[in-house]
Amino acid sequence: MKLLPCCSTPSDPQTKTIELEIKKERKNLRRQVKILLLGAGGSGKTTFLKQMVIIHGAGEFTADEVRQYRAQIYQNIISAMRILLDARQKLGLPWENESRQNNVDLVMRFTASDLMRGVDQAAFIEVAPIIRDFWRDSAIQRTYGQRNLFQISESCVYFFDHINRMSMPDYYPTNKDILYCRKATRTITEHVFEIQRVPFRFIDVGGQRSQRQKWFQCFSDITSILFMVASSEYDQVILEDRRTNRVVESRSIFETIVNNKSFVNTSIILFMNKSDLLIEKVPRADVRQYFTDFTGDHMSPRDVQLFLLDKFEKSRRDRTVPFFYHFTTAIDTDNIRRVFEDCRQSILEQNLKTLMMQ
Ligand SMILES: Nc1nc2c(ncn2[C@@H]2O[C@H](COP(=O)(O)OP(=O)(O)O)[C@@H](O)[C@H]2O)c(=O)[nH]1
Ligand SMILES: [Mg+2]
């Protein structure tokens with residue numbers, strides 16, 4: 001019987017190759033920048049990652065992904081109209097055109113579980129003209145005007161405005177459509193992009209309360225945390241308990257993260273996101289109604305932005321650490337390109353310092 005050697009001697013060329021491989025892998029891992037995306041549900045984490053695909057990845061989504069997004073867009077549109085129809089009734093707002101009531105069941109017949117399973121194209125094409133018609137009714141418009149009283153994604157306006165194009169049989173979602181599409185994240189996903197020869201690993205997690213217990217699994221070896229805040233949501237409550245103000249919830253998550261000992265060497269960058277929605281909202285939703293401690297001009301989006309930013313800044317126990325933040329609009333590719341370039345440089349600088357200290 002011929003015995004195979006159980007281990008090789010150091011001079012063995014095979015061992016040398018393996019050792020070299022391990023060394024290379026270690027070096028690669030050390031070089032790799034690991035970025036964790038954190039923030040409450042709906043703050044824009046997944047949208048930011050889609051932008052990375054557009055800016056630093058393939059530039060577009062695969063045919064398979066696009067098909068999945070298309071079904072999800074149909075789902076987003078139907079479920080938004082279901083929410084509006086339900087809210088109109090609860091608010092008791094009379095139809096502009098009473099005959100529209102006859103079509104309500106044609107939208108309401110899509111149950112939550114139908115929507116979970118996905119909407120097929122034929123069913124969507126059939127219901128789309130009815131949805132478009134509802135959107136024209138002043139009762140639905142007034143209901144949407146009171147949207148802070150219920151839970152609806154504001155991306156629905158974009159979809160209603162483009163519903164004709166989206167109900168064409170050959171409809172193929174554009175990158176912009178995909179950026180507006182909402183699907184709550186329920187698993188942890190990782191994506192690596194090579195940016196100017198440095199590998200960046202992005203980790204996207206679910207943001208809702210039930211998802212947050214999974215966060216700690218991702219806390220080791222993080223180079224930087226991008227913390228997303230839906231800054232426009234100062235007049236809204238969270239989906240999970242329908243009581244807590246969304247900015248208050250977000251600030252309290254940030255407080256736990258920013259003061260966590262695991263992150264003493266991690267640069268945390270705050271993204272005050274949804275700036276486009278905040279700018280549009282400030283003149284019609286008085287911030288003082290939700291934050292009695294507001295000082296400044298309540299009609300000025302800038303003052304509101306700075307007031308909210310200050311709440312996050314103050315939640316840091318160690319105020320000597322530099323504080324990085326950006327006012328962002330995650331659906332705007334140019335904005336994210338600029339902002340991320342800035343972050344990339346500061347992350348690399350910071351990382352270099354940490355590597356040199358080791
Ligand atoms: N108008 C606007 N919509 C945004 C912005 N960022 C995210 N959204 C939308 O908000 C919804 C939730 O975003 P998503 O990235 O899924 O949030 P996540 O739960 O943090 O991953 C999606 O429909 C996005 O299109 C923004 O800056 N402006
Ligand atoms: Mg997400």
- Once the Cα atoms of helix 121-136 and of the chain are each reduced to a long axis, what angle between those two axes, in degrees from 0 to 90 to the nearest 10, is obtained? 60
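Taking K and R as +1 and D and E as -1, what net charge do the other residues with C-beta under 11 Å from the C-beta of Asp114 add up to? Provide the component values of the computation, followed by the final result.
Values: positive: Arg82, Arg109, Arg117; negative: Asp120.
Combined, the nearby Lys, Arg, Asp and Glu give +2.
Can you give me the % of accessible surface on region 264-358 that is carbon or sulfur? Probe 1.4 Å, all protein chains present, nothing else counted.
Ligands and nucleic acids excluded, carbon and sulfur give 53 percent.
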- For the chain, longest principal axis from Cα atoms; helix 333-357 axis from its Cα atoms; angle between them, nearest 10 degrees, is 30
- Query: Could you name the lysines in cross-link range of Lys183, using Cα to Cα under 28 Å and dropping any fewer than eight places away on the same chain?
  - Reply: Lys34, Lys45, Lys50, Lys90, Lys214, Lys274, Lys281
- By how many nm would the segment from Val66 to Thr189 grow when fully extended, if each residue of separation counts as 0.36 nm and the alpha-carbon distance is taken off? 42.5 nm
- Probe 1.4 Å, accessible area per residue of region 63-180, Å²: 50
- Item | Cβ-defined net charge surrounding Pro199, 10 Å radius [Lys, Arg +1; Asp, Glu -1] | +3
- The percentage of the accessible area of region 63-180 (probe 1.4 Å, all protein chains present) made up of carbon and sulfur atoms, to the nearest whole number, is 50
- Task: Could you pull out every residue, at least 5 positions away or on a different chain, whose amide H is within less than 5 Å of the one on Gly39? Hs are placed 1.01 Å off N in the peptide plane, and Pro or chain starts have none.
- Result: Met228
- Using a Gaussian network for the chain with springs between C-alpha atoms less than 10 Å apart, which of these wobbles most: Thr329, Thr320, Thr244? Thr320
- Applied in sequence order to region 246-253, the curve 6.51 cos²θ - 1.76 cosθ + 1.60 (Karplus, θ = phi - 60°) yields integer Hz couplings, x standing for Gly and Pro, of 5, 6, 5, 4, 4, 5, 6, 5
- Query: Per residue, how many Å² of accessible area does region 184-247 show with a 1.4 Å probe?
  - Reply: 46
- Query: Say a paramagnetic label sat at a point 7 Å from the Cα of Tyr325, along Cα to Cβ; which residues of region 281-315 have their backbone N under 14 Å from it?
  - Reply: 295, 302-315
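The values are calculated or read from the model by the stated rules, or taken from the named source; none is laboratory data. Since we're looking at a predicted model, the values are computed, not measured. Don't worry about glycine lacking a Cβ; one is built from the backbone with ideal geometry, like all the others, and counts go over all protein chains shown. Just the protein is used for accessible areas: all its heavy atoms, side chains included, with ligands, DNA and RNA removed. Shrake-Rupley method; radii C 1.70, N 1.55, O 1.52, S 1.80 Å.
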